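Below is one structure; the comments refer to it alone.
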Amino acid sequence: MKTKFLSILLTIALLAALAACGTSGAPGDYPASAGNGASENVPADDTPELPDESQELFNVNATLGETVLVDEDGVKITATGLTYTAHSADLALTIENNSGKNLSFVSGSLGYSCNSINGYMVNDGYLNCDVANGKKVNDTISFSYDALMLYGINEIADMEIGFSMTDDDYNSTYSGPRQMKTSVFDTHDYTTDHYQKAITSGAAMSAYGYEVAHFSQDALYDQNGVKLLSSGLIRNQDGETALLLELENTTDSIVYVSTSDIAINGLVVNSSTWSSDAINPGKHRIVEVVLSSVFDDAYWDAYGLTDVGSVFLSLAQRNEDGAELALETPVEFMISGAEATFDGDGTEVYNNGGLRIVSKTVQEDPSEYSSNLYVLLLAENNSGRTLAIDDAYDSLSVNGFMTDYSFSGQELADGESAALVIQLWESSLEENEIVSASEVKEIEMGFEIKEGYTTIDEPTVTIAFE
């Protein structure tokens with residue numbers, strides 16, 4: 001699941017604030033961060049933005065005059081003003097539909113999100129409303145102060161909002177970003193990188209409960225007008241770890257940047273596309289690669305991932321129509337002071353043609369709400385070729401009983417190692433009267449090994465457990 005790390009920080013801060021309200025301590029008395037191992041390129045500290053003081057720290061004096069955002073094909077969307085509550089800045093909209101069709105309007109969703117404030121792409125600002133033909137709707141898009149201030153935004157100088165419009169036959173059109181300028185646009189400082197100041201602020205770390213293990217302004221990526229401005233390895237109070245990449249789009253078109261081929265300490269944990277994010281022309285985007293979500297942190301110990309010493313990934317670019325703008329480009333982030341190692345040991349279950357697979361363990365789901373089991377394997381490729389490992393459909397049995405499962409294949413370049421995780425489904429295990437990892441004695445599964453589109457081996461692997 002592709003979680004948003006900055007949203008996780010806000011959730012933790014809110015829970016901390018609620019807990020503080022029930023104690024004798026003063027509201028806003030958040031735990032300090034565990035320390036700051038940031039590299040030497042950290043910007044100067046900035047004023048803290050504490051969650052319970054956000055309204056006082058946010059400039060609520062900026063106003064917005066009535067602005068027509070869309071007036072096309074019988075659809076008119078007008079921004080009628082900007083108001084402020086105790087927790088959010090609210091953009092008021094009037095949507096008029098005279099298109100001849102009933103329409104659904106969406107903004108800021110996973111399916112279509114091109115919203116920005118003050119030059120930074122933001123995930124906040126959700127709208128979903130239905131407008132019948134010939135009717136009007138008044139609606140509001142809200143932006144949380146806390147969410148904005150994690151980007152270093154403490155006032156709204158300009159906004160760009162985009163809309164998808166879908167009829168009853170699921171035909172969609174997209175407005176693209178439409179800009180509004182507020183009364184503070186001419187005085188706002190657009191030259192300062194406010195995000196870097198905010199994310200590395202010691203007070204913000206304490207307030208939102210995270211630490212910066214590494215921060216760098218090294219320009220490790222510059223392709224097709226998209227540049228990496230900073231990278232940071234961030235950990236929250238729950239131990240979740242994320243790589244935050246600040247990218248700038250200097251072109252005159254929207255660019256979608258994707259991440260793939262993610263490896264931690266040299267161990268490939270995801271070889272497919274993990275995320276894709278829109279960056280408007282001239283804007284910054286914070287791409288969040290939540291390592292604890294890419295590879296569940298419950299597995300880390302089994303693979304010897306005790307610390308993050310390096311993160312490798314590929315960045316690629318496409319336009320709005322999905323056409324390729326820049327090929328996948330590998331980027332490696334080295335974390336100073338941490339060892340980039342993993343544990344490749346295990347019980348060998350396959351070795352042929354330079355490809356070796358070892359069994360690590362069977363592990364129970366750490367969640368109290370699930371009884372799924374997880375079989376952890378590791379593959380090493382020294383074949384001199386790039387190989388893809390997938391499963392033979394419906395080929396797995398546990399203790400001789402056919403069992404439903406999930407498996408995400410991996411692609412390994414020569415010299416690479418990858419984690420392979422098999423998820424055994426709770427419902428199927430229960431039917432076979434298997435309720436714990438200790439009851440799994442033998443697993444048999446078919447694999448399909450390919451070089452490109454050519455299948456080079458189809459082994460059936462038997463994995464025994466004591």
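The values are calculated or read from the model by the stated rules, or taken from the named source; none is laboratory data. Just so we're clear, the structure is a prediction, and the values are computed from it rather than from any experiment. Methodologically, a virtual Cβ is constructed for each residue, glycine included, from the backbone with ideal geometry; neighbour enumeration extends over all protein chains shown. Each accessible area value is taken on the protein alone, full model and side chains, heavy atoms only, with ligands, DNA and RNA left out. Shrake-Rupley method; radii C 1.70, N 1.55, O 1.52, S 1.80 Å.
Some notes on this structure:
- Only one entry of S99, S107, S88, S116 meets the criterion of being farther than 21 Å from K283 by Cβ, surrounded by 15 or more Cβ atoms within 10 Å (Cβ to Cβ), of a type in the set (S, T, N, Q) and within 30 Å of the chain's Cα centre (by Cα), and that entry is S88.
- Any chance S271 is surrounded by fewer than 22 Cβ atoms within 10 Å (Cβ to Cβ), assigned to a strand (DSSP E or B) and on the phi < 0 side of the Ramachandran plot: yes
Okay, residues lined up against (1) buried (at least 19 other Cβ atoms within 10 Å of the Cβ); (2) at pLDDT 95 or above; (3) of a type in the set (D, E, K, R):
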| site | (1), (2), (3) |
| --- | --- |
| G409 | no, no, no |
| E416 | yes, yes, yes |
| A419 | yes, yes, no |
| L424 | yes, yes, no |
| S436 | no, no, no |
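This table checks each residue for (1) in contact (Cβ under 8 Å) with a residue 60 or more places away in the chain; (2) in contact with a strand residue (DSSP E or B) (Cβ under 8 Å, 6 or more places away or on another chain); (3) under 13 Å from F447 (Cβ atoms).
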{"residue": "E368", "(1), (2), (3)": "no, no, no"}
{"residue": "A379", "(1), (2), (3)": "no, yes, yes"}
{"residue": "T386", "(1), (2), (3)": "yes, yes, no"}
{"residue": "S397", "(1), (2), (3)": "no, yes, no"}
{"residue": "T403", "(1), (2), (3)": "no, yes, no"}
{"residue": "L420", "(1), (2), (3)": "yes, yes, yes"}
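- Residue check, G232 more than 19 Å from L315 (Cβ to Cβ) and either touching a residue at least 40 places away in the same chain (Cβ under 8 Å) or surrounded by 20 or more Cβ atoms within 10 Å (Cβ to Cβ) (or both): no
- Residue satisfying all of: in the range 119-168; of a type in the set (S, T, Y) and closer than 23 Å to Y84 by Cβ; most open to solvent (accessible area, probe 1.4 Å) among these: Y126
- Subset of the range 359-377 (residues that are open to solvent by less than 50 Å² (accessible area, probe 1.4 Å), assigned to a strand (DSSP E or B) and not β-branched (V, I, T)): S359, K360, Q363, L373, Y374, L376, L377
- Criterion violated by T273 - all others in (1) of a type in the set (V, I, T); (2) over 29 Å from D158 (Cα atoms); (3) more than 15 Å from the chain's Cα centre (by Cα) satisfied: (3)
- Checked against the criterion of being among the hydroxyl-bearing types (S, T, Y), within 11 Å of N118 (Cβ to Cβ) and part of a loop (DSSP other than H, G, I, E, B), the candidates Y195, Y190 yield just one match: Y190.
- Taken as a whole, the structure leaves A278 outside the set of residues that are more than 24 Å from Q237 (Cα to Cα), surrounded by fewer than 20 Cβ atoms within 10 Å (Cβ to Cβ), aliphatic (A, V, I, L, M) and in contact (Cβ under 8 Å) with a residue 24 or more places away in the chain.
- Residue match in the range 441-454 (condition: of a type in the set (S, T, Y), part of a strand (DSSP E or B) and open to solvent by 30 Å² or more (accessible area, probe 1.4 Å)): yes
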